[in-house]
Amino acid sequence: MKNLVICILGLFIMLTIASCNSPSINQRKESHDQAKEILRCLDEDDAEGLKILFCEKVASSHDLDKEIAAAMKFYEGKIVSFGNIVVGGGDSMRDGEFVDIHLGYSIREIETDADTMYEIVTHSYLVYKKDPTCIGMTYLAIYNTETKENIEIGEFVK
């Protein structure tokens, strides 16, 4: 009986440790960290900081300098507050290995000191075995929620 309890306790501990390292849990943290970095870059007009978030594929197929400059011009002011960061995404496995882990999220109700309201929507890959050059952010859109205008950087890679 004592051995059974020890085995069950050991199994429980192993499952707990394994679940703490699950990519599903890390997806939420990764998206929040990336969202905060995007907001920092916009606030500080840090075009280079924003550029390095994008994946190699998008960086080589888009004029990111031009697209980011246009986004920086479109986005007015510095953040006063923002609402929820709504996270979506998913993953898939083949033969016990993750072949795709992707994130999509939106940063809602961004209010700036220029009295402008925005929402930011993104897409990123953490793992993409089909095309490793897609690891990183592939797409970012900034929406002015008052005028309904938007600007996009990159592309939504599938």
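Quick note: the coordinates plus some simple rules give every number you see, no bench work behind them. If you're wondering where the values come from, they're calculated on a predicted model, not measured in any experiment. In this analysis, Cβ positions are derived from the backbone assuming ideal geometry, glycine residues included, and neighbour counts consider all displayed protein chains.
General observations
- Two-decimal ratio, region 23-154, of alpha-carbon radius of gyration to 2.2 N^0.38 Å: 1.06
- For GluC sites (Glu not before Pro), the sites in region 102-158 that DSSP calls loop and that have at most 12 other Cβ atoms within 10 Å are GLU146, GLU149.
- Pairs from the list LYS36/LYS129; LYS29/LYS66; LYS73/LYS148; LYS36/LYS78; LYS78/LYS158; LYS78/LYS148 with a Cα-Cα gap above 22 Å: LYS36/LYS129; LYS29/LYS66; LYS78/LYS158.
- Net charge of neighbours whose Cβ lies under 13 Å from the Cβ of LYS66, counting Lys and Arg as +1 and Asp and Glu as -1: -2
- Between the C-alpha center of region 111-128 and that of region 64-100 there is a gap of 6 Å.
- Rg/Rh for region 81-125 (Cα atoms only, Rh after Kirkwood) is 1.25.
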